[in-house]
Amino acid sequence: MQIKKVGVVGCGLMGSGIAQVSASFGYDTVVREVSQELLQKGLESIRNSLEKFLQKGKVTEADRAATLNRLQGTTRLEDLAGCDLVIEAVTENLEVKKETYVRLDPLCDRETIFASNTSSLSITEMMMTTQRPDRFIGLHFFNPVPLMALVEVVSTLVTSDEVKRTAVQFAKSLGKTPVLASDRPGFIVNRLLVPYLLDAIRALEEGLGTLEDIDQGMKLGCGHPMGPFTLLDLVGLDTTYFIANIMFEEFKEKRFAPPPLLKRMVLAGRLGRKSGIGFYKY
Ligand code: CAA
């Protein structure tokens, strides 16, 4: 199947990155947010990102103009009707996602592929709210989307082979490397990454070292691009807390249980970069 037009539902941190990459790599892209205010904020972050790439010589002025030309913002879900692929990146809440699919399903062609960017929720549970379980897949991008090379392609028991092939091809066409995973909470990356991040918080709680020293240790000792606390602030402490709870719920293993410090920080609104303060101040 040939993908020409892509819809993205949600223009937050992940949705805006996905819409940007999709438009940059030649797809006509429609991105939808619930309000004009959120839409403008998301489109602004795309413009900022393109500006950085332009300044660094990673794109030309013509590339930037062409990307913005291929990108259409909207607040109407109906405007996604003509898309061949719709990628959903709304808030990580199963009820909100299910409601989105219930509304989207009758608007789109039967052939349209639905892909969720969820990092932890069940693709199977979402797909069952639609009449197209065979044409439903997970496409999990990584933050920051324009810079990160990986996409997890997540199949369920009933995803068709054609949809899998199309999703893999689509990820490659965005310059990303796809890996295949099955529909279990956390897929591959978060299954391994989340216990590591939670362990770093537990180590800090136990007084093993300072934030800075733990970060520096993992950065220089393991060659990671950032230490665990810098990464936690990038991912968002609320997002990490949410994913950890889902994984703990599923596996009932201690290593997925969110440590008390994480919960207290989320309750206090210290969510990381997005709130201006997390483990570090921004
Ligand atoms: N668009 C354009 N530029 C961007 C950007 C974006 N969206 N986001 C950040 N940048 C820029 C920054 O502004 C910065 O530019 P300046 O140096 O000019 O200020 C630059 O990118 C960062 O450059 P650095 O030299 O610091 O680092 P880098 O380019 O070598 O790598 C990185 C940056 C790719 C983010 C790297 O630090 C990295 O790989 N970090 C780990 C990120 C990671 O693990 N992400 C996965 C999180 S888990 C997840 O997403 C899954 C989930 O479900 C929770």
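The values are calculated or read from the model by the stated rules, or taken from the named source; none is laboratory data. Please read these numbers as outputs of a predicted model, since none were measured by experiment. Positions of Cβ are generated from backbone atoms using ideal geometry, with glycine treated the same way; all protein chains shown enter the neighbour counts. Accessible surface areas use protein heavy atoms only, side chains included; no ligands, DNA or RNA. Shrake-Rupley method; radii C 1.70, N 1.55, O 1.52, S 1.80 Å.
Structure above, values below:
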read-out	value
Long-range neighbours under 8 Å by Cβ, at least six apart or interchain, first residue within 11 Å of the ligand (Cβ to nearest atom) within the stretch 234-263, second acidic (Asp, Glu)	Thr239/Glu92; Phe242/Glu92; Ile243/Glu92
Residue list for the stretch 37-56, restricted to those being hydrophobic (A, V, I, L, M, F, W, C) and within 16 Å of Arg76 (Cα to Cα)	Leu38, Leu39, Leu43
Any hit, the stretch 16-30, residues being part of a strand (DSSP E or B) and either on the phi > 0 side of the Ramachandran plot or not polar (S, T, N, Q) (or both)	yes
Residue check for Val194: open to solvent by less than 60 Å² (accessible area, probe 1.4 Å), in contact (Cβ under 8 Å) with a residue 60 or more places away in the chain, on the phi < 0 side of the Ramachandran plot and among the aliphatic types (A, V, I, L, M)	yes
Verdict on Asp28 being among the charged types (D, E, K, R) and crowded, with 17+ Cβ neighbours inside 10 Å	yes
Qualifying residue in the stretch 235-250 (condition: farther than 30 Å from Ala23 by Cα and among the charged types (D, E, K, R))	yes
Some residue of the stretch 53-71 being under 21 Å from the mean Cα position of the chain (by Cα) and within 25 Å of Thr124 (Cα to Cα)	no
Residues (of a type in the set (Lys, Arg) and surrounded by 15 or more Cβ atoms within 10 Å (Cβ to Cβ)) located in the stretch 219-254	Lys219
Residue in the stretch 106-119 that is open to solvent by less than 30 Å² (accessible area, probe 1.4 Å), in a helix (DSSP H, G or I) and not small (Gly, Ala, Ser) present	no
Among (1) farther than 20 Å from Leu13 by Cα; (2) among the β-branched types (Val, Ile, Thr); (3) at pLDDT 95 or above - the single one Ile277 does not satisfy	(1)
Unmet requirement for Thr74, which otherwise passes all of (1) more than 19 Å from Phe141 (Cβ to Cβ); (2) open to solvent by 40 Å² or more (accessible area, probe 1.4 Å)	(2)
Counted residues, the stretch 160-198 - those being part of a helix (DSSP H, G or I) and either within 14 Å of the ligand (Cβ to nearest atom) or out of contact with any strand residue (DSSP E or B) (no Cβ under 7 Å at 6 or more places or on another chain) (or both)	15
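Results for (1) assigned by TED's automatic domain parsing to the domain that holds Leu38; (2) within 28 Å of Val235 (Cα to Cα); (3) surrounded by fewer than 14 Cβ atoms within 10 Å (Cβ to Cβ), shown as yes or no for each residue.
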residue	(1), (2), (3)
Ala81	yes, no, no
Asp84	yes, no, no
Ala89	yes, yes, no
Glu95	yes, yes, yes
Ser122	yes, yes, no
Arg135	yes, no, no
Gly138	yes, yes, no
Val145	yes, yes, no
